[in-house]
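Engineer: The following block contains the structure, expressed as structure tokens.
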């Protein structure tokens, strides 16, 4: 795991399009998969066998990113923290690129674990692209994938937060649950066993997924339309969710990748 955090080739495999590491003086990653990835905006602060700490300039603010490694019951636990997250209200308003950090790292850590375990990675978000489209292959039958995407109890388990779903045309798709979302999406297209399209009145946003059998498993094509650059936080959240959905369906003894997810605001 330490090598995956400190080797430039490893970083390019799971995190960034480009990386340069020559410790103790250089630690940078950049490119289309990195927020403000026009150039490396990081510098190393401290690296040892258990810790990687770097400064990362984002939106004119110097944040501090830290990875730390520990062992627990024969497993490696990786902890990540980064200062500068603006809070959920500002993140939703997308007033700063720092608002994507929570979901950016949720996806990146999932890909780190899959990389170390030798599993295929979930598609990364391209911050230079105008289209938000991803194809994810899942080692489970289409019927099982469809069930996990439409049963609210199962969806809530792998997605990590309560989701309300009324699986029919005209039904609601509600983040936080049917009782807690004042502006749920409306399901505008629903093909049992195959596809779903949900539309949000606010901003004209649309999310859709379609399933197809593929080599004994399922290929999921997921698309967001009506989302501009300000909605990369949401897109990253969906991609991180699909990384967890793969594990949820492929492992009989599934448990979430994340032990705890504390969120501080600075």
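Engineer: Output the residue which, of all residues in segment 130-142 that are part of a loop (DSSP other than H, G, I, E, B) and at pLDDT 95 or above, is farthest from residue 248 (Cα to Cα).
Structural biologist: Among those that are part of a loop (DSSP other than H, G, I, E, B) and at pLDDT 95 or above, it is 141.
Engineer: Considering segment 214-250 alone, what residues qualify as being modelled with pLDDT of 95 or more and surrounded by fewer than 18 Cβ atoms within 10 Å (Cβ to Cβ)?
Structural biologist: Within segment 214-250, 219, 221, 250 qualify.
Engineer: Within segment 18-41, how many residues are surrounded by fewer than 16 Cβ atoms within 10 Å (Cβ to Cβ), free of Cβ contacts under 8 Å to residues at least 60 places away in the same chain and assigned to a loop (DSSP other than H, G, I, E, B)?
Structural biologist: 5
Engineer: Of the numbered conditions (1) modelled with pLDDT of 90 or more; (2) out of contact with any helix residue (DSSP H, G or I) (no Cβ under 9 Å at 6 or more places or on another chain), residue 181 satisfies every one except a single condition; which is it?
Structural biologist: For residue 181, the exception is condition (1).
Engineer: Hey, another quick one. Every residue in segment 160-175 that is within 23 Å of the chain's Cα centre (by Cα), free of Cβ contacts under 8 Å to residues at least 60 places away in the same chain and in a loop (DSSP other than H, G, I, E, B), please.
Structural biologist: To start, the set of residues in segment 160-175 that are within 23 Å of the chain's Cα centre (by Cα) comprises 160-165, 173-175.
So of that shortlist, the ones also free of Cβ contacts under 8 Å to residues at least 60 places away in the same chain come out as 161-165, 173-175.
Selection gives 161, 162.
Engineer: Just to be sure before I move on: is residue 84 in contact with a helix residue (DSSP H, G or I) (Cβ under 7 Å, 6 or more places away or on another chain) and at positive phi in the structure I sent?
Structural biologist: Details: in contact with a helix residue (DSSP H, G or I) (Cβ under 7 Å, 6 or more places away or on another chain): yes; at positive phi: yes.
The answer is yes for residue 84.
Engineer: Which pairs do you get when a residue that is assigned to a strand (DSSP E or B), found in segment 201-216, comes within reach of a residue that is at pLDDT below 90, reach meaning Cβ atoms under 6 angstrom, with the pair 6+ apart or on two chains?
Structural biologist: If the second residue must be at pLDDT below 90, the pairs left are 205/226; 205/227; 206/225; 206/226; 207/224.
For every residue, the table says whether it meets (1) assigned to a helix (DSSP H, G or I); (2) modelled with pLDDT of 95 or more; (3) crowded, with 19+ Cβ neighbours inside 10 Å.
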| residue | (1), (2), (3) |
| --- | --- |
| 108 | yes, yes, yes |
| 111 | yes, yes, yes |
| 122 | no, yes, yes |
| 128 | no, no, no |
| 144 | yes, yes, no |
| 157 | yes, no, no |
| 177 | no, no, no |
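Engineer: Within segment 55-76, can one find any residue that is outside any strand (DSSP E or B), in contact (Cβ under 8 Å) with a residue 60 or more places away in the chain, surrounded by 14 or more Cβ atoms within 10 Å (Cβ to Cβ) and in contact with a strand residue (DSSP E or B) (Cβ under 8 Å, 6 or more places away or on another chain)?
Structural biologist: Checking segment 55-76: not a single residue is outside any strand (DSSP E or B), in contact (Cβ under 8 Å) with a residue 60 or more places away in the chain, surrounded by 14 or more Cβ atoms within 10 Å (Cβ to Cβ) and in contact with a strand residue (DSSP E or B) (Cβ under 8 Å, 6 or more places away or on another chain).
Engineer: Give the residues of segment 145-163 that are farther than 24 Å from residue 232 by Cβ and out of contact with any helix residue (DSSP H, G or I) (no Cβ under 6 Å at 6 or more places or on another chain), sorted by residue number. If you could, list the steps in order and put the result at the bottom.
Structural biologist: Looking only at segment 145-163, we keep the residues that are farther than 24 Å from residue 232 by Cβ, and these are 145-148, 150-154, 157.
Selection gives 145, 146, 147, 150, 151, 152, 153, 157.
The values are calculated or read from the model by the stated rules, or taken from the named source; none is laboratory data. All of these numbers come straight from a predicted model, not from anything done at the bench. Please note: Cβ atoms are built from the backbone with ideal geometry, for glycine as well, and neighbour counts cover all protein chains shown.
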